[in-house]
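The values are calculated or read from the model by the stated rules, or taken from the named source; none is laboratory data. Given the structure is predicted, the values throughout are model-derived calculations rather than measurements. Cβ placement follows ideal geometry from the backbone for every residue including glycine, while neighbour counts extend to all protein chains displayed.
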Amino acid sequence: MKGILLTAIILIGTIETAWTAEVSFPGGGFEDGSNNWVMRKGAKLSQDSPHSGKYCLELPAGNTSYAMSRRFTVEPGKIYCLSFMGKVSGEDTLDNNPGLKVLRRKLKKERKLPKWELCFYRKDKKGKRVSRGFPQFFTCILSENWTQYREEFHVPPGAGAARLVFTNGNPDNTLFIDDLELDQVFQPELNINPEFKLGEDNFSGYNYSKNCKIIDAGDGKFVLDAMKGWSMGDPIPARPEQTLQLSYSAKAGPGRNGLIRCVFCDATRKELGTTKTRDLVTPRGTEKTCSYTFVTPPGTAYVRLVPGWAVFKWIKLTEKKASKE
């Protein structure tokens, strides 16, 4: 699909309503020339096996080539989903080296892999960059087959525009990109990817994990396997003294209790404290589904979820509205 659409999914009770409208994200299909992209060090539009249409983006191997999109408008605090088709051509691919699937986070630090990055900017005239402060670790592109990559993200407070940057510093692989789309996500949950539906190894919403993986649980469902470790969630925009409800379904292993914590942070992302309750603990060797309601402390600007030592089917953070008398 060459058109770039903004898709909103609104959940009202058990009724699901969807609508679509064009968003200002020119050049996402690469059919209208390179005017909407800044391309450097060999990056170019190519007719070499595009996913659809006549053109795709090509970033050659070995020269740290990159392509940066024109700024597109986003709303602070909102959730978006970026998706695109990508592949690499060369010897150093996941298809030729299955071990990359396990080692890719380490390899990304030790050598340059084909990757993407989202950059956010203020909406004022100066348009200075807004730092995210939590770079993602799963955003490398390794397959030699056209594959859809997706990333859900919160727009940081103060940001009004964003850019997408593709970089390829790999000495062996040429990177190809096509069919970009941007969706705005409307959902009752405040956290990203609450049921892990974005698929295997997609850690959207989590910027650090130790001994964790997202795996296929069958029947089209995925789970966060943190049985032997834990994962740190991205900062989720919140307000001081906001009533929130954290619920989850998890199964703990025989060795230790599973748990999930909610960490409160101020506007600089400095930690203010954490939830401390047995209600968020899954006793070893048991399976548990539960909910816990709490109020964020004064000064809260973000909350971060930290699940660990269990297999989580889903994790949901929602705002609990005051009941009307």
*Checking E195 against (1) of a type in the set (D, E); (2) more than 22 Å from R122 (Cα to Cα); (3) in a strand (DSSP E or B); (4) within 14 Å of the chain's Cα centre (by Cα), which single condition isn't satisfied?*
(3)
*Please name all residue pairs, on different chains or six or more residues apart, with Cβ atoms under 7 Å, provided the first residue is in region 194-208 and is of a type in the set (D, E, K, R) and the second residue is modelled with pLDDT of 90 or more and not in a strand (DSSP E or B).*
none
*How many residues are part of a loop (DSSP other than H, G, I, E, B), within 24 Å of A217 (Cβ to Cβ) and at pLDDT 95 or above when one looks only at region 227-256?*
0
*Any hit, region 60-74, residues being at pLDDT below 90, in a loop (DSSP other than H, G, I, E, B), more than 21 Å from T147 (Cβ to Cβ) and of a type in the set (D, E, K, R)*: yes
*Residue, modelled with the lowest pLDDT, within region 189-225, restricted to residues that are within 14 Å of V311 (Cα to Cα) and of a type in the set (K, R)*: K210
*Exclusive hit being of a type outside the set (D, E) and under 21 Å from the mean Cα position of the chain (by Cα), set L317, L272*: L317
